[in-house]
Amino acid sequence: MAIRETYGIDAPGVVRTLGLVGIICIGCRFVPTRFAMAPVAHNLWMTGVSSLLAAAWMLASSLWIKKKVMCSLLSQRDWRGDEIVLDIGCGRGLLAIEAARRVPLGRVYGVDIWQADDLSGNNPEAIRVNAAAAGVSDRVFVETEDARHLPYSDQTFDVVASMTAIHNIADAEGRRQAIAEAWRVVRPGGQILIFDIRHAKSYLQDLRTFGAIDTQHFGPIILWGPVGWRFSATKPVELSSQ
């Protein structure tokens, strides 16, 4: 039986909590009237419906919608097919594997620190299994590394991409450091492609400060709940070192 690619549920704890709250609140609609708090409990059903709808939206975002957003992000580049690509926060490989499909003569490196709270089943083996299922194992390479301290030499990659990962760095300085690392390892003439929630516009501002050109951003994009943005930025060819 063929193995299918599976990319997990984002923020599984949040989805689980919303589902449980929804079921409990709707269940309160059936509290017997003899209890003193019954009128209050009966009014919780709308909260329950809202929680279940939010859980359903997050599931739909994880299972279907994020794939469309990812493809739109990668389509901001005119691919040659021989690029060397870095996926920061690769998780189970949604972006990395699609990038590998677009670079039959290239290579894709995925780095992550594998936080289970961010994605169900988030571990290096999951991306390897998905890469095998997609038939791209020969050009997908996985490493456990922090986005703030990438182990690669300057100007290593033609494309540096990331999807809903950098916002998980708690402090603004840490996020800026991750963007600075992406800028350091991309080659002159190379592109940075990012989709993220909450802080995405600040990443673009940082890249413009570093000297990025041909910057484009698209949004707002509603995925999971918080507003997100996707953007591309190019490192000028004349910048031989940054």
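The values are calculated or read from the model by the stated rules, or taken from the named source; none is laboratory data. This one's a predicted model, so the numbers in the text were calculated from it and none came from an experiment. Reconstructed Cβ throughout: ideal geometry from the backbone, glycine too, with neighbour counts over all protein chains shown. Ligands, DNA and RNA are stripped out before the accessible areas are found, and what is left, the full protein with its side chains, is counted by its heavy atoms. Shrake-Rupley method; radii C 1.70, N 1.55, O 1.52, S 1.80 Å.
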- Task: Quick one: check the C-alpha center-to-center distance for region 196-242 versus region 1-70, whole angstrom.
- Result: 32
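Please give the charge dipole size of the chain, origin at the Cα centre, charges +1 on K and R Cβ atoms and -1 on D and E Cβ atoms. Round to the nearest 20 debye.
Numbers: 25 positive and 24 negative charges, 176 e Å.
Its charge dipole is roughly 840 debye.
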- So, relative contact order of the chain in percent, Cα under 8 Å, 6 or more apart, is 18
- Considering only DSSP beta bridges with both partners in region 2-150, what is the antiparallel share in %, to the nearest 5? 10
- Query: Carbon and sulfur: what percent of region 105-238's accessible surface (1.4 Å probe)?
  - Reply: 49
- So ARG4 and GLU143, fully extended at 0.36 nm per residue minus their Cα-Cα distance, gain in nm 47.8 nm
- Item | Per residue accessible area in Å² of region 1-80, where ligands, DNA and RNA are left out and the probe is 1.4 Å | 66
- THR17 versus ASN43, label points 7 Å from Cα toward the beta carbon: distance in nm? 2.4
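Quick one: divide the alpha-carbon radius of gyration of region 77-130 by 2.2 N^0.38 Å and tell me what you get. Display every interim value, and only then the final one.
Details: Rg = 11.6 Å, N = 54, 2.2 N^0.38 = 10.0 Å.
In units of the globular-protein estimate, region 77-130 measures up at 1.16.
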- Item | Over region 124-186 - Rg/Rh using Cα atoms and the Kirkwood inverse-distance radius | 1.02
- Item | Given charges at Cβ of Lys, Arg, Asp, Glu: region 1-107 dipole, positive-most of SER61, VAL31, THR6 | VAL31
- Go ahead and estimate [θ] at 222 nm for the chain from helices alone: -39,500 (n - 2.57) per DSSP H run with n ≥ 4, summed, over the residue count, rounded to 500. -11500 deg cm²/dmol
- Item | Using distinct alpha-carbon pairs, which all enter the 1/r mean, Kirkwood radius of region 187-242 in Å | 11.7
- Query: Each label point is 7 Å from the Cα along the Cα-to-Cβ direction; what then is the distance between the points at ALA116 and VAL237, in nm?
  - Reply: 4.9
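What is the Å³ per residue value for the convex hull set by the Cα atoms of region 112-242?
Values: hull volume 15.7 nm³, N = 131.
Dividing the Cα hull volume of region 112-242 by its residues yields 120 Å³.
Give the calculated FRET efficiency between SER50 and ARG198 to the nearest 0.05, with a Förster radius of 30 Å applied to their Cβ-Cβ distance. Intermediate values should be presented prior to the final figure.
Working: r = 22 Å, r/R0 = 0.72.
Working from the Cβ atoms, E equals 0.90.
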- Message: Let me spell out the model: positive unit charges on the Cβ of Lys and Arg, negative unit charges on the Cβ of Asp and Glu, origin at the Cα centre of region 45-84. What dipole size does that give, in debye rounded to 20?
- Response: 100
- What is the Cα coordinate range of the chain on the first, second and third principal axes, sorted by size from largest, in whole angstrom? 77, 48, 28
- Message: Compute, for region 1-139, the length of the dipole vector about the Cα centre, with Cβ point charges of +1 (Lys, Arg) and -1 (Asp, Glu) only. Units Debye, rounded to 20.
- Response: 440
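If you count, for each residue, the other Cβ atoms within 10 Å and average over each peptide, how do 72-83, 127-138 line up from highest to lowest? List each step's numbers first, then the result.
Numbers: 72-83: 14.9, 127-138: 17.8.
Highest mean packing first, the order is 127-138, 72-83.
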- Message: For a Förster distance of 35 Å, can you work out the FRET efficiency between the beta-carbons of ASP82 and ILE222, rounded to the nearest 0.05?
- Response: 0.50
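Please report, as a whole percent, how much of the solvent-accessible surface of region 1-60 comes from carbon and sulfur atoms (probe radius 1.4 Å). Numbers along the way, then the final one.
On the way: 3060 of 4150 Å².
The C+S portion of the solvent-accessible surface of region 1-60 is 74 percent.
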